[in-house]
Every structure is written in C-alpha cells, then in structure tokens.
Amino acid sequence: MASGLLRLVLFVSLIALSLARGGNDMVLDTDSTPKTPSCNNPYLMAKVRNWVNGREAETFEGAGAKFGALLPSEKENADKLPVVISNPLNGCNASSSKLSGAIALSARGDCEFSVKAKIAQSGGAKALVVINDDEGLAKMACPEDSTSLNISIFVVMIPKSNGEALKKSIQDGKKVELLLYSPKRPVVDFSVVFLWLMAVGTIIVASFWSKITAPEKSDERYNELAEKESNAGTAKDDSEDEVMNLSVKGAVCFVITASVFLLLLYFFMSTWFVWVLIVLFCIGGIEGMHNCLLSLILRTWRSGGRKTITLPLLDEVSILSLLVLALCVGFAVFWVVTRRASYSWVGQDVLGICLMITVLQIARLPNIKVATVLLCCAFVYDIFWVFLSPLMFKDSVMVVVAKGDSSGEGLPMLLRIPRFFDPWGGQNMLGFGDVLFPGLLIVFSYRFDKENKKRGISGYFLWLVIGYGIGLGFTYLGLYLMNGNGQPALLYLVPCTLGVTVFLGLIRRELKQLWDYGTEPEVSRNTVEPAVEGTRSV
C-alpha cells in the first residue's frame, strides 16, 4: 500500500474524532421555567414496555414531564395498564372515550401539555402518553404562569413512530398495554474500565512494538535469510518503512486543516461522506491489521516469508503476506456488513487498535518542541470545537459530527464499547485522536528513555503512561459529572502528559535536551532492523 495513502489514513484517523462521549444519554434538566412544588420533576427518560394482545413487543424509550407523578425506578413497582385513545385525539377537551383506570394516548399540539394531563386525570386516567410529531423527544415543561397544577398522574412523551404503531394496534381492535418506569443510571458504568484498558494498552503496545516483534538474530545465516525475506516481503514496501517526522509548521497546518475538514463534515455530512470515511478506515485498518499479524507471525516463524509469487503491478510478493492480507480484507468486509449489529464494536475496535499501532510506528515526534506545538494546538482545537463552537454554530460541532448523519451512519474513527452495566444501554466512546495525540508523545518518551538508557522512575515513559491513565480517568469523571455530554478529552490528557514531561524536564534540568532532541540526521531504518518485515520503527 502506498506511503501517501497511509499518510492520508493517518490524517483522517487523527482529525475524525477527538472526543469522549457516551451514547443514549438522559434528557437534561436545562429549561428556564419556574420551579414550584407541583412543577419540580427532573427530566428523566422513561422505559415503555408494551404488550399487544398479551404478547410483549419491543421496549422503547420516552421522556417524562416536569410535572405529574415521578415514574417508579423499578419495573416491579410499576403497573401494567391498558391504553385508550383520547377522543378528541389532541386531548385538549374532555374525552368521549372511557379513560378510567387506563393510560390515555393523545397527540401533541393544540394546547399545553399540562392541559392535556389535567383533562386525562379528570377523566380517571392513571397516566398520559403524548405522541410527539417527530422522532425526537421534547421537554414537557410547565406553563410560565403556573403556580399549582395539582397533576398526580404519570406523563410521558414517546416518538411518533412508536405512538403511531400503538394507535394503529388499538384502532385494529387489539388490546394494548403499557408499563412505564424510569430505571436509575449507575453512577459509574464499569465497562468504561475496558475502554480505559484499550486506550492505555494500545499506547503501551505501540511503544514496545519493535521489541515485541523483533526475532532473535542468533547467527549470520539467519541474518542473511531475514534480509532476503524482508526484500521479498510485502510488495517491496521499503517506502512504507520510512518514518514520517512531524515538524512545527506541519503541526500548525495540521490543526488548521483539521478544523476545515471538521467544518466540511458538519455542513455537508451525508451518507456518501460517511461512507468515504468508512472506506478509508477499512483501508487503514486492513493495513494496520496486516502489519501487526505479519510481524507477529514472522517473529516465531522465521522462514514464513521465504516463499514468494510474482504478481502483475506488485512484482514479487510473499505468499504468507497475501494470505494474511486476504484474512484482513475478509475481516474488514465482515465488519462493514455487520457494522450495525450489537457485536460490531469488537471488529471496529480490533481494526482501530491495529491502525493506531501502525500509525504510531509511522508518525514520529522528533522532540518536545514539536510535541508542545502539536499538543497545544490540539488542546485548543478540541476545546473550541466541543465547548465554544455552539456560540458560533448553535451546536457543538465535534459532538454533531461524532453522532454521524441522519441515517444513523456514525463515523468509525473511534473506540467504542457497550455500557454493559447500564439499564439504558448505549456505548462509551473515545476518539482516535485522544489516543494518537498523547500516544505520539509517549512513544517519543519511550524512544528517548531507551536511547539515553533511562529506566523506570528515572525515565519519562512510565510517568507519561501513568499521567495518560489518570487524564483518561479525569475525562470520564467529567463525562459523568456532565451527564454524559461529550467531553474534549485532550483538555485532561494534554496537561497530564505534556505537562508531566515539561515538569520532569525542568526539575531534572533536561528540558533543553528534550526540546532540541532529534535534530541530528536519522539513521536509515533498513540498517537498524532489516530482519523484520512490516514492522514500524518506534
């Protein structure tokens, strides 16, 4: 695969997402209506279990009102009640349908939500379910001039499609029953620990990758064989083994270009645009997975790359490399086909981790000067597009882009894992940028420690890994404190990595060495590790 294409994948991987967020978030209590004893409910999501003729259908979600009774948090404490359509449907006048002991079903519009609730309650209804006029969920607030509503029934809004399905079943003469409750979300969903381990583990593995995949070169005969295998390996990919050193100018241009690209995604997000990114992600994931698998295989099976075949355009190629490539392509295609399945996060994370390990072998920070410019620019970039962009665009640009287009196609450039312990489900997500930006600095610290014979607490690598882990912990603490709203993870990660590096450099009087490090010409990679096919320099 061409070096230019890998650089394109590197670029897209870094800018696509730099955001930590959780999916399927609760409705937030952010309205400005006055709070009174009868209008003081928190805005909470509601679980709506439904039965049609005694057979349970799929549970869907609704939103509770600011007024009325609070929904029970346990389904065992909720009652299963029959549903009756209000007549008139808007629920703004006394219903000719018998609502006593039932759940009144009405449509949104023509009068206040509180008016609908009062009328349903006066008719003997135990709850009111309002069908929204679109697929979203609106906040059912109290009237501005309300002082005492005296509404004691449950009031819930449901999406249009679910409401229309319930209404049709009732009109067809079927018995529809609902059970309404609002389970509490755990303070901490422990699935985030697995995401934390994936992010930290990816950086550690990328730092040690050369050491992990390097075979023991025990004799001259093997060295000659390994060099021959390397030259006949994956399509003579010497150009791919070249390291891409980042510069100060490149770091600044990168962040500016990233902002422009993010705006293009925001304004022109569409299915075809997302598909372009999916294809690029698959190309990078295939290359990364191929590189990782091939390197690991050749570490234990030294003669695996000896058998070659000549192909048009590719010249001489290792048969083992082709077989591994076919496996990687099949894996990526399977992920694309099943990307909306409940288990698709596994394939996405595997491809993403392999891609990031490879990117961290290709891209290199030569010194702390470039790292400071890159990470400080990324720090501002992340905060602006998450927190400050709503002042200019009415939406958080990063959050909108992270959610994908209206068809439900999301961007693949992130690690994700389901909320296994959350009754509301959803996923915890971490953008590739939040692994790659600090990862570049941590990999540099490993290389610096190795070349300067520093180990453990006397070096920088261990402290930066600890700092990154703590920063990621702060990110998810902020995520929970902000009720699941997207967080600019670099707000926490940059101080905990770059800040730690600068602090240690100052107290050890090594900051100047770190600042100007790597200005001497690089030694050609092929003279350092000629025996490892497909392995990137750290």
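Just a few scattered comments:
- The range 380-396, residues that are within 22 Å of Pro438 (Cα to Cα) and either within 18 Å of the chain's Cα centre (by Cα) or modelled with pLDDT under 85 (or both): Tyr381, Asp382, Ile383, Trp385, Val386, Phe387
- Residue tally, condition part of a loop (DSSP other than H, G, I, E, B) and at negative phi, over the range 82-138: 28
- Counted residues, the range 247-256 - those being surrounded by 13 or more Cβ atoms within 10 Å (Cβ to Cβ), in a helix (DSSP H, G or I) and not hydrophobic (A, V, I, L, M, F, W, C): 1
- Hey, Ile119 farther than 17 Å from Asn41 by Cα and open to solvent by less than 40 Å² (accessible area, probe 1.4 Å) or not: yes
- Residue that is touching an Asp or Glu at 6+ places or on another chain (Cβ under 8 Å) and either within 30 Å of Ser73 (Cα to Cα) or not hydroxyl-bearing (Ser, Thr, Tyr) (or both), where the choices are Phe420, Phe437: Phe420
- Residue, modelled with the highest pLDDT, within the range 342-379, restricted to residues that are among the hydroxyl-bearing types (Ser, Thr, Tyr) and open to solvent by 20 Å² or more (accessible area, probe 1.4 Å): Thr372
- Scanning the range 410-432 for any residue that is in a helix (DSSP H, G or I) and open to solvent by less than 10 Å² (accessible area, probe 1.4 Å) turns up nothing.
- When Ala78 is tested against (1) closer than 21 Å to Glu177 by Cβ; (2) open to solvent by less than 10 Å² (accessible area, probe 1.4 Å), exactly one condition is not met: (2).
- Contacts under 8 angstrom Cβ, first residue in the range 417-442 being closer than 16 Å to Leu351 by Cβ, partner among the charged types (D, E, K, R) and open to solvent by less than 10 Å² (accessible area, probe 1.4 Å), 6 or more apart: Ile417/Asp349
- The range 160-199: number of residues that are within 16 Å of Asn50 (Cβ to Cβ) and open to solvent by 40 Å² or more (accessible area, probe 1.4 Å): 10
- Any chance Leu70 is under 36 Å from the mean Cα position of the chain (by Cα), at pLDDT 85 or above and exposed (fewer than 15 other Cβ atoms within 10 Å of the Cβ): yes
- None of Glu240, Glu216 is at pLDDT below 85, buried (at least 16 other Cβ atoms within 10 Å of the Cβ) and not basic (Lys, Arg) except Glu240.
The values are calculated or read from the model by the stated rules, or taken from the named source; none is laboratory data. These figures come from a predicted structure and were not determined experimentally. Note that we place each Cβ from the backbone using ideal geometry, even for glycine, and neighbour counts take in every protein chain shown. Heavy atoms of the whole protein, side chains included, go into the accessibility calculation; ligands, DNA and RNA do not. Shrake-Rupley method; radii C 1.70, N 1.55, O 1.52, S 1.80 Å.
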